[in-house]
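A.B. asks: This is the structure I have questions about; it appears just below.
The values are calculated or read from the model by the stated rules, or taken from the named source; none is laboratory data. Not measured: the values here are computed from a predicted model. For neighbour counting, all protein chains shown are included, and Cβ atoms are generated from backbone atoms with ideal geometry for every residue, glycine included. Just so you know, the surface numbers come from the protein's heavy atoms only, side chains and all, with ligands and any DNA or RNA stripped out. Shrake-Rupley method; radii C 1.70, N 1.55, O 1.52, S 1.80 Å.
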Amino acid sequence: MDPAVYCPTYAPFFGFAGVFSAMAFSSLGAAYGTSKAGIGIAGIGPFKPELVMKSLIPVVMSGIIAVYGLVVAVLLVGQMSPSSGYSLFSGFVALGAGLAVGVGGLAAGYAIGIVGDYCVRGYARETRLFVAMVLILIFAEVLGLYGLIVALILNAKSDNTVC
């Protein structure tokens, strides 16, 4: 096997694109979810301040989405080194892993934000909605968790022994 074919100099570009995708998209999802749910919390705060602490659940769950992207980005960067080779296969695996967790986090953040906004406002009117709100938020959070699991499985398949 010729390392020049399987380990070109541009291979790390795809790895760093995966790192960028993991952090950027999951952070965008977390930011959207936090801002959208925060709007709902700000809307109920003046009328029912005793419900604000329980209503912070969507904001916390949105923050977890960014942590998923951070974990995958750190794992992907850990395989890169300027002194050792990096295969094109590893670059594409890293890109796929970054896109999996990033786009999953973006979708989860979007869902958490919308659900959080409406459910927090509904919770202010009817406190029996709390359990339903938490269940729907868990299902929205799972979208990001699925992306994390796929990214971890992809990362385990990375191989630089050719270089």
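A.B. asks: Quick check on packing: order 135-141, 86-92, 35-41 by the mean number of other C-beta atoms within 10 Å, highest mean leading.
C.D. replies: With the highest mean Cβ count within 10 Å placed first, the list reads 86-92, 35-41, 135-141.
A.B. asks: Students often forget the sequence filter, so: which lysines lie under 30 Å Cα-Cα from LYS36 once same-chain residues fewer than 8 apart are removed?
C.D. replies: LYS48, LYS54
A.B. asks: So which cysteines in the chain don't have a second cysteine's C-beta under 4.7 Å from them?
C.D. replies: CYS119
A.B. asks: Under a Cβ-Cβ cut-off of 11 Å, what is the net charge of the residues other than ILE41 that fall near it, where Lys and Arg count +1 and Asp and Glu count -1? Can you show the working numbers first?
C.D. replies: Numbers: positive: LYS36, LYS48, LYS54, ARG121; negative: ASP117.
Here the count lands on +3.
A.B. asks: Write down the radius of gyration of the chain and its Dmax, each obtained from C-alpha positions, in Å.
C.D. replies: Rg and Dmax of the chain, Cα atoms, are 19.6, 69 Å.
A.B. asks: Label-point separation (nm) for PHE13 and VAL142, each offset 7 Å from Cα along Cα-to-Cβ?
C.D. replies: Computed distance between label sites PHE13 and VAL142 equals 4.0 nm.
A.B. asks: Here is a follow-up. Just the C-alpha atoms of the stretch 75-163: what Rg/Rh do they give, with Rh taken as the Kirkwood radius?
C.D. replies: Computed over Cα atoms, the ratio is 1.25.
A.B. asks: Amide H to amide H, which residues 5 or more places from GLY45 or on other chains are under 5 Å from it, using H placed in the peptide plane?
C.D. replies: For GLY45, whose amide H was placed from the backbone, there are no distant partners under 5 Å.
A.B. asks: Please give the Cα centre distance for the stretch 98-125 versus the stretch 5-65, rounded to the nearest Å.
C.D. replies: 9
A.B. asks: Given the Cα atoms of the stretch 55-127, and with Rh set as the inverse mean 1/r over their pairs in the Kirkwood sense, what is Rg to Rh to two decimals?
C.D. replies: A ratio of 1.23.
A.B. asks: Something else about it: When the distances between all Cα atoms of the stretch 1-81 are binned every 10 Å from zero, what whole-number percent does each bin get?
C.D. replies: 17, 31, 21, 15, 9, 5, 2
A.B. asks: Write down the accessible area per residue of the stretch 94-163 in Å², having rolled a 1.4 Å probe over the full set of protein chains. Walk me through the numbers on the way to the answer.
C.D. replies: On the way: 3530 Å² over 70 residues.
Heavy-atom accessible area per residue stands at 50 Å².
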